[in-house]
Amino acid sequence: MKKTIVWLVIIIILVGIGWYFFARSLPQLPNNQEGQGGNQATTTEPAPAPQVQENAASSSIGTSVEGREIVAYNFGTGTTSLLFIGGIHGGYEWNTVLVAYQLMDYLAQNPSAVPANVKVTVIPVLNPDGLNKVVGTAGRFAATDAPTSDTKTVPGRFNAHNVDLNRNFECDWQATAKWQDKDVSGGSAAFSEPESQAAKSYVETTKPKAIVTWYSAAGGVFSSNCHTGVLAETDLLTKTFATASGYSAHESFDFYATTGDMTNWFAKSGIPAISVLLTNHTDTEWTKNQKGIDAILKHYAR
C-alpha cells in the first residue's frame, strides 16, 4: 500500500512537471492583447492616424497640359501675402526659375528675413512643360544642365499647346500675339491654358498684397498697367526694388506691344505687381535680386 502511494505521488509530480514545461513552450500573448480570463478573442490597436500639417510648406496649385504639378512654396505665416513667380517662359528663360529657387533657399536658411506679419509664396516654375523641354526636368536643376543656344531654348518658351503663357491673360488678349517681331499663339481664349488658369485661381483665392514676376532679358524693373494708370503702390514697389538692386526703373514695358500679359492682368485685378527682367538668359544676378527682395520685405514689415 505504501509503495502504491509513493508511486502515485511520483506520477503526480512527473505529470505536473510535464504540464509546466508544456505550458512554457506555448507562445505568449502580449499583455495589452490578452483577453480577460485568457479565453477572449485578441484585438490589435489601430495605427495612429497620420498628422495633417495645417501650414504645409508647399502645395500644388494646378497642373500643366502634360500633367506636371505647378507648386507654390510658402515661407512665414503672416497675413500680408507676397507672391514671387518664375518660369512662365519655361526653358527659354530658365534663369528665372533658378533665381526663384535661390530665393527659396535664402528664405529657408534665413527665416528671420521674412517679417512676422508676412507670408512669402514662391512659384518657381509656372510653365513646367516648357522647362522640361529644355532641361529635362520640371524641378530643380543646375545652370550647367541647361543649354544656351536659342535653337534649343526657344521651344521651351511655350507650353505643350505651343501657347505663349504670357500672352494668355485677360489684358488686351488676342489669339495671335507678338513676341518681338514674331507672331505667337495667345491661346484660343484668355485663360484657355491650365497653367494660366492655375495662376488666376491662386491669385484670386489668396489675394496677394503684391506680386513680383521674373523674366529675361532686358535688365530692369517694370511697373504693371492695364489702361488704368500705374497704381501708386506699384510705382513705389518698382522704385523700391530698383533702388535697392541697382536695376533701372521703368513705368512700363514698351519695347514692343504686348497682349495678354500676366503682370498687366494683375494690375487690372487691382494688385500691385512688377516685372523684374534679368539682364541675360543665363545669370540669376542673385546679389542684386536679394537686395531688391529684402527691400520689398522691409517695405511690408510692420
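The values are calculated or read from the model by the stated rules, or taken from the named source; none is laboratory data. Just so we're clear, the structure is a prediction, and the values are computed from it rather than from any experiment. Every residue, glycine as well, gets a Cβ built from its backbone with ideal geometry; the counts of neighbours run over all protein chains shown. Accessible surface is based on the protein model in full, side chains and every heavy atom, while ligands, DNA and RNA are left aside. Shrake-Rupley method; radii C 1.70, N 1.55, O 1.52, S 1.80 Å.
Of the set (1) in contact (Cβ under 8 Å) with a residue 12 or more places away in the chain; (2) over 25 Å from Glu233 (Cα atoms), all apply to Val122 but (2).
Taken over segment 246-260, the criterion of being surrounded by fewer than 16 Cβ atoms within 10 Å (Cβ to Cβ), at pLDDT 95 or above and either in a helix (DSSP H, G or I) or hydroxyl-bearing (Ser, Thr, Tyr) (or both) is satisfied by Ser248 alone. Among residues that are in a helix (DSSP H, G or I), out of contact with any Ser or Thr (no Cβ under 6 Å at 6 or more places or on another chain) and either within 28 Å of Ser245 (Cβ to Cβ) or of a type in the set (Phe, Trp, Tyr) (or both), Thr153 is included.
Check Ala198, Ala177, Ala189 and return the single one that is assigned to a helix (DSSP H, G or I) and at pLDDT 95 or above.
Residue meeting the stated conditions: Ala198.
The set of residues in segment 90-111 being surrounded by fewer than 21 Cβ atoms within 10 Å (Cβ to Cβ) and over 20 Å from Ser245 (Cα atoms) consists of Ala108, Gln109, Pro111. In segment 175-203, the qualifying residues are those that are surrounded by 18 or more Cβ atoms within 10 Å (Cβ to Cβ) and acidic (Asp, Glu), and the one that is nearest to His281 (Cα to Cα) is Glu195. Picking from residues in segment 133-148 that are open to solvent by 40 Å² or more (accessible area, probe 1.4 Å) and in a helix (DSSP H, G or I), the one that is farthest from Ile70 (Cα to Cα) is Thr144. Identify, from the list Thr234, Thr263, Thr238, Thr243, the residue that is in a helix (DSSP H, G or I) and free of Cβ contacts under 8 Å to residues at least 40 places away in the same chain. Going through Thr234, Thr263, Thr238, Thr243 in turn, the sole match is Thr238.
Of note, Asp172 does not satisfy the criterion of being charged (D, E, K, R) and open to solvent by 90 Å² or more (accessible area, probe 1.4 Å). For segment 275-292, name all the residues that are open to solvent by 20 Å² or more (accessible area, probe 1.4 Å) and either over 19 Å from Lys152 (Cβ atoms) or among the polar types (S, T, N, Q) (or both). Listed by number, the residues that qualify are Thr279, Asn280, Thr282, Thr284, Glu285, Trp286, Thr287, Lys288, Gln290, Lys291.
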